[in-house]
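The values are calculated or read from the model by the stated rules, or taken from the named source; none is laboratory data. The structure displayed is predicted, hence computed values, not measured ones. Note: ideal-geometry Cβ built from the backbone for every residue, glycine included; neighbour counts use all protein chains shown. Side chains are part of the model used for accessible areas, which takes the heavy atoms of the whole protein and leaves out ligands, DNA and RNA. Shrake-Rupley method; radii C 1.70, N 1.55, O 1.52, S 1.80 Å.
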Amino acid sequence: LTQAPSRTAARRLARLGTETAFEVSDAAAAWARTGQRVFPMHLGDVRWPTDPLIVDATARAIANGHTGYCPPPGIEELRTAIATDVGRKRGVPYSAANVSVQPGGKPVIGKFLSSVLNDGDEVLCPRPGYPIYESQVNYLGGIVRPYRYAPADGGFVLDLDSLRAAITPHTRVLILNDCHNPTGACCSPASLDEIASLAIKHDLWVLSDEAYGEMRFDGSFDSIVSRTGMAQRTTILYTFSKRFAMTGWRLGAAIGPPEIIRSINSLNINAESCTTHFVQRAMAECLGRELSEPTRLLRELDRRRHSLVAALNEIPDIHVQLPPATFYLFVDFSRVLSRLKCRTTDEFMRIALRETGVSFCTASHFAQTHNDDGAFVRFAYGVLQEDELAAAVDSLRRLTG
Ligand code: PLP
């Protein structure tokens, strides 16, 4: 079934990519079914309770009968609550007209690109990067122009030179994912200034994927949309999935210029009609409130981040720094691979699952088939507790040490 495109009638499907992390999930689940212990560190999920205030508000919304269709752009109360919250933190006077509610953040990628791309338009995409960007650009007839995140001082930086070099007269869109998956890197304010001036100079639309924008451990909140002239050309991918531990609830939003939002609203009508009504009611009630779980979650992730980095650095030839955001570590295993005589990180991934039960993604899951900078794997630490993370790294150390 994974080979379906070659056997289906619609040729455009051959251009559609996927999120191969879900295949890693299948392999891990199959291994667990054989009775083996598995340490799932592959998926960007969070095992954490959704705040009880949100759960209660949802139960009340269902009991009060908010179970029918609602307007395709989202209910006015939630759009206003999102506009107020997002606008206040970024210094932009958004209103409900700037917000289109979505079933998660992911749909924003395809809907935004459908709104701005014509055949042959070029799109600047981060590599490594969230694989759905390139999948959707190719599917919609655009051309991917990758730019790099480069290793620097044990962490990563967005390589501005590679971004500048990727721009041509056909470039129409920049996709930016500050607080970056998979590296956890954040741009400095000066880099964001520079990226904003490039976007203005070359008249680009910008998709600012802020899925992890508020999952920062170091530095203060920042967004490209706060720069002069950027709100008019930027659409924010906003999601409740990660920070609120609501990945399975499916709630997010596109926030941007009214003409883009109107186009996205038409796409909502053509696709899901509306996002789950009672979930919207609950979040409209809770977004402006003081919630305890998101704060507790961030504190817990920070603890895990420190202990995981410390444990990994005890593996010979592994050197990791604390990334400033997200709940991912992107780690170079090239020397370990040579020691184990593994040719690729994907081969290492399969061996590690079989020998240790530790399951993770590699750079190849982030649109990076070959990396001259090293052999990178990504550990996601949103699912395992601290003691489980310690046991996972312990097994890896025994395999690779
Ligand atoms: N953007 C990035 C960078 C992500 O890592 C993810 C999920 O992993 C998403 C967007 C979409 O998340 P969701 O659809 O759950 O909001």
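Observations on the structure shown:
- Helix-derived mean residue ellipticity, 222 nm - over the chain, DSSP H n ≥ 4, -39500 (n - 2.57), to 500: -12500 deg cm²/dmol
- Other residues with beta-carbon under 14 Å from the beta-carbon of Val331 carry, at +1 per Lys or Arg and -1 per Asp or Glu, a net charge of 0.
- Using a probe radius of 1.4 angstrom, the carbon and sulfur fraction of the accessible surface of the range 299-368 is 47%.
- Cα-based reach from Lys106 at 18 Å (exclusive), listing lysines while leaving out same-chain residues under 8 positions away: Lys242
- The Rg/Rh ratio of the range 1-126, with both radii computed over alpha carbons and Rh defined as the Kirkwood radius, is 1.04.
- Convex hull per residue volume in Å³, alpha carbons only, for the range 258-367: 208 Å³
- GNM result for the chain, Cα springs below 10 Å: residue of Asn138, Asn313, Asn268 fluctuating most strongly: Asn313
- With the convex hull of the Cα atoms taken as the outline of the range 67-192, the averaged projected area works out to 9.7 nm².
- Positive-pole candidate from Ala166, Gly120, Ile132, dipole of the range 29-184, charges at beta carbon: Ile132
- Nearest-0.05 FRET efficiency for His319 and Arg354, computed from C-beta distance (R0 35 Å): 0.85
- Highest-fluctuation residue, Asp161, Asp222, Asp332 considered, GNM on the chain with Cα pairs under 10 Å: Asp161
- The simple spin-label model puts a point 7 Å past each Cα toward its Cβ; for Leu13 and Leu53 those points are separated by 4.5 nm.
- Candidates Val46, Val55, Val108: whichever shows maximal mean-square fluctuation once the chain is modelled as a Gaussian network with Cα springs under 10 Å: Val55
- Principal axis dimensions, largest first and in whole angstrom, of the chain by Cα: 56, 54, 49
- With coordinates expressed along the principal axes, the C-alpha atoms belonging to the range 188-265 extend over 39, 36, 14 Å, beginning with the largest.
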